[in-house]
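What follows is one structure encoded as structure tokens, with my remarks underneath.
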Amino acid sequence: MLITDKQLLNYQRCNRRAFLDAYGDINQLDPASDFLLKLIRDSITYRQTIIEQQVYHQPYYPNGDWAAGAAETLNLMRQGVDCIYRGIIWQFEPSENEPEISIENREIFDTVKHSFFPANVTLLSRPHLLVKQPGKSNFGDWMYVPTDIWIAKRPKLDYQIVAAFHSHVLASVQGIMPDTAWLILREKGHYPVNLLQRLPEMQEILQQCIQMFEEKAEPDFFIARQKCNLCRWYSSCHGIAESEKHLSLLPGVTPARYAKLQTLNLTTVESLALIQPELLINYREFEGEIAGQLVQQAQSKLQNQAMLRNTIIGKNKAEDTITNYQLNLLPITPVEIYFDLEAEPELNLDYLQGVLVIDRWSKTETYHAFLAESPADEGIIWQQFLDLVWSYPIAPIFHFCDYEIQTVKRLARCYKTPAYQWQPLLKRFVDIHKQVTQIVTLPVESYALKPIARWMGFEWRDAQANGAQCVCWYDDWLRTGDRTFLDAIVRYNEDDCRATYHVKDWLAHFIQNIQNI
């Protein structure tokens, strides 16, 4: 059995993904999204910029011939070259020709050999760089230290575990364990991995990974949109989850809460909907209002209807308090503004400021797309946005989540906007996401704009478009000059504005209907 660093990385992120990569039906794989392909390209580009700063040797071998790659890498290490790019290292396998190992490293070497390298398993490591350092190894008065290059901004634990894996496999070859492994990160630069801390963690994860592959037992799944969206097995797993009405599809059911619900034999939406919240409150996973909210979420899903959200105060008082307060924030006014942004995070650029003006007096709905066709135009569209919203000085500005507010503050700082032009706007902003999540429980999988608006009957013209796709389209526009990419972004942004309007209108009428009961 072959276990690679890539498999170990994927296992940490999702053990089911690692299993399906090995044993799943490739016909069920989703096509790679444009955004996933962009992430891969950006990662390769960043790695290449780091590599170009190095003087290195690279082993050459037939594609997929790991044995040949390991032999070439070993030759380079024996020669004592300063840096090896994309080297291949195998686990050490005991034989009559076991290399000499210094006494001071014998204990750690034996630990590596016997605890981490089962006889029936071959471990394959491919660090981005092997860097020569002084030290006593099987090769002479030098040793190698693994270094991985990641575009990530922070040293994620899964990257550190893989670095520890590299170090272990490397120790079986050179006969000495590095004191430290390294990550090169986009913002932090060189980051030392504490092997004393990470090696035991790696051992445990590796043993679990090996056991999963040996038993070939398909792991359970947990649908977590933030982690699962880019996985090419998403549709397959999500389809099964939908058919089973899996609890992970309920907002608020985290992995820890899911595990506790399993121990309590609450394994279906129906069973969770029927339980008394008081029976869950004593468990730390469901403290405070969480128990009531989860039970109500299950009830909403089971009945496929919206419910006034429960609070910790009495039912009647809760209804009166919430509806009167929220109605003041959700007025149906003569003029309303709906605001949505599109951004390119890598460029720290908000390139589209979309504004939908609903004028009930004139019975018009006018969409304005303030678009920066080049990054240099951001300041221009920021001023265009200010000019428009101040032409309606008392109109509320509705948006979804707080990104728009944070961006207004950023743009004001960036372009040294006078306080009187932007600070009063903050009092006019109304976050529809916040209002929805405080007022109602909906039978949706997520309280993002798309699931909410679609449940309320709104549809986007480009069904597959999303914010990540817009990032790709804008990059394509900058690269090709093809305006069809800009047109697609503007169309999507307008639909986002209209979806926010649709949700706000639905919510305002929902509150009015409750007050009239």
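Key figures for this structure:
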{"read-out": "Probe 1.4 Å, all protein chains present, accessible-area order of ASP21, ASP158, largest first", "value": "ASP21, ASP158"}
{"read-out": "Efficiency of FRET from Cβ geometry, ASP30 and TRP361, R₀ 45 Å, rounded to 0.05", "value": "0.45"}
{"read-out": "Surface accessible to a 1.4 Å probe, per residue, for the residues of the stretch 244-313, Å²", "value": "54 Å²"}
{"read-out": "Packing rank of 395-408, 55-68, where each peptide gets the mean count of other beta carbons within 10 Å, highest leading", "value": "395-408, 55-68"}
{"read-out": "Dipole in debye (nearest 20) - the chain, about Cα centre, beta carbon charges: Lys, Arg +1; Asp, Glu -1", "value": "1020 debye"}
{"read-out": "Nonlocal amide H pairs with ILE149, under 5 Å, H built at 1.01 Å", "value": "HIS128, ILE184"}
{"read-out": "Angle between the chain longest axis and helix 103-115 axis [Cα atoms, degrees, rounded to 10]", "value": "60 degrees"}
{"read-out": "Loop sites in the stretch 340-435: trypsin sites (Lys or Arg not before Pro), DSSP, at most 12 other Cβ within 10 Å", "value": "ARG360, LYS363, LYS416, LYS427"}
{"read-out": "Table column - 3J(HN,Hα) (Hz), the stretch 415-432, Karplus curve with 6.51, -1.76, 1.60, x for Gly and Pro", "value": "9, 6, 6, x, 4, 5, 7, 10, 4, x, 5, 4, 6, 8, 6, 10, 7, 5"}
{"read-out": "The chain, accessible surface, carbon-and-sulfur percent (1.4 angstrom probe)", "value": "51 percent"}
{"read-out": "GluC sites (Glu not before Pro) within the stretch 417-517: DSSP coil, no more than 15 neighbouring Cβ in 10 Å", "value": "GLU459"}
{"read-out": "Sparse-neighbour loop sites [GluC sites (Glu not before Pro); the stretch 272-310; at most 16 other C-beta within 10 Å; DSSP]", "value": "GLU287, GLU289"}
{"read-out": "Signed unit charges on C-beta, dipole axis of the stretch 380-505, positive-most listed residue TYR492, GLN406, THR441", "value": "GLN406"}
{"read-out": "Helix 403-414 axis, angle to the chain major axis (alpha carbon atoms, nearest 10°)", "value": "80 degrees"}
{"read-out": "Folded to 0 to 90 degrees: helix 315-329 orientation relative to the chain principal axis, Cα", "value": "80 degrees"}
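The values are calculated or read from the model by the stated rules, or taken from the named source; none is laboratory data. In this text, all values refer to a predicted model and were calculated from it rather than measured experimentally. Cβ sites come from the backbone with ideal geometry, for glycine too, and all protein chains shown count toward neighbours. Keep in mind that these areas ignore ligands, DNA and RNA; they rest on the heavy atoms of the full protein, side chains included. Shrake-Rupley method; radii C 1.70, N 1.55, O 1.52, S 1.80 Å.
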